[in-house]
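Worksheet: the structure to be examined is printed underneath.
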Amino acid sequence: MDFGVVLQNDPPASRVVDLARQAETHGFDYVWTFDSHLLWQEPFVVFSQILAATRKVIVGPMVTNPATRDWTVLASSFATLNEMYGNRTVCGIGRGDSAVRTLAGKPSNLATLRESIHVIRELANSRPVEHNGRKVQFPWSRGSALEVWVAAYGPLALKLTGEVGDGFILQCADPDVASWMIRTVRDAAERVGRDPDAIKFCVAAPMYVGDGDSPAARAHMREQCRWFGGMVGNHVADIVAKYGQGSQVPKALTDYIEGRQGYDYNEHGRAGNSHTQFVPDEIVERFCLLGSPREHVEKLQALRELGVTQFAGYLQHDNKDETLRMYGERVIPAMAEHVVATA
């Protein structure tokens, strides 16, 4: 299993770069950041600094979208970074949420998402592509390599992921939800003749290492990560509106949003978000990784057995440095030892 860290591009950018450097030092393989240019700083500027300050980590957005980003500019940005730092980028992409809604826009439809994935991937892999009725290619790009990973929740988006995605991003660490979604993506891949084992599966969720046996410490960890249940609920609300409560989407993902009353994007992805009080403690525990290193390892092992190939931990809380350190010293080594022991 690979490990990633998910950061917000809050100023100062030097702090984001420092956390990325720490992540690499502690054994993480990927560094992701949010991509919402009104709420946070411009990620592609920060990506260049992260890549310059590190040697191996792969860097990309979790996630960009085809509505606020011109597809050819996105591809050019990735190809340029690859030329500068050597094929160390990845493109996480979805229909669009905070980036488009803060501009009073709407998420892209799936047909647009599918087309954008094709255009971005071809151009950023130094290949020509038909776009707007014209064959285009970067004449300066040689040997660039980019994988496109799709973030999805709903049945049709999961189907698209299995059909065209190099990877799947699930922003939720509930094993029951992950099992259903991974199976749905795999089935879609098989139906179009793709090898489902070739698709990478990334679960992204807050990770907070602390004293899991202390009720007060446990409550604090939950409060620091409750924002995530609100963010997931924001995506799920659209799915429930489209498919209904009785849809095939797991009840673990849909039932808790009944108490949801609006959402303020100015608090998106932030600890202490005042619009997430509807999220119960049980959901925070199920969707996130909280507690002692042992608890993290146990949940990660369960996710790996489901086919998860990367865990990407959000660090939007007050214990960033210590959580990174404990992953580097305890969690990541324990996961590696478990692989060796199993083998």
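Below is a table of values for the structure above.
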read-out	value
Built amide H within the under 5 Å cut-off of residue 33, gap 5+	7, 60, 62
12 Å beta-carbon shell around residue 2, net charge (K/R +1, D/E -1)	+2
Amide H contacts of residue 144 (H built 1.01 Å from N, under 5 Å, at least 5 apart or other chain)	126
Under 5 Å, built H, 5+ apart or other chain: amide partners of residue 200	167, 168
Whole-Hz ³J(HN,Hα) from phi, Karplus 6.51 cos²θ - 1.76 cosθ + 1.60, for segment 120-128, glycine and proline x	4, 5, 5, 5, 6, 9, 6, 10, x
Shape call, segment 1-152: gyration tensor on alpha carbons, a/c limit 1.5	oblate
Where the Cα pairs of the chain fall when distances are cut into 20 Å bins, in %	31, 62, 7, 0
Set of aspartates and glutamates with alpha-carbon distance to residue 135 below 14 Å, sequence-local pairs under 8 removed	122
Members of 200/299; 56/320; 159/251; 106/200; 159/320; 56/299 lying beyond 23 Å, as alpha-carbon distances in this model show	106/200; 159/320; 56/299
Surface share of carbon and sulfur [accessible, 1.4 angstrom probe, percent] for segment 176-245	48
Solvent-accessible area per residue for the chain (1.4 angstrom probe, square angstrom)	40
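The values are calculated or read from the model by the stated rules, or taken from the named source; none is laboratory data. What you are looking at is a predicted structure, and each value in this text was computed from that prediction instead of being measured. Note that we place each Cβ from the backbone using ideal geometry, even for glycine, and neighbour counts take in every protein chain shown. When the accessible area is computed, the model is the full protein with side chains, heavy atoms only, and any ligands, DNA or RNA have been set aside. Shrake-Rupley method; radii C 1.70, N 1.55, O 1.52, S 1.80 Å.
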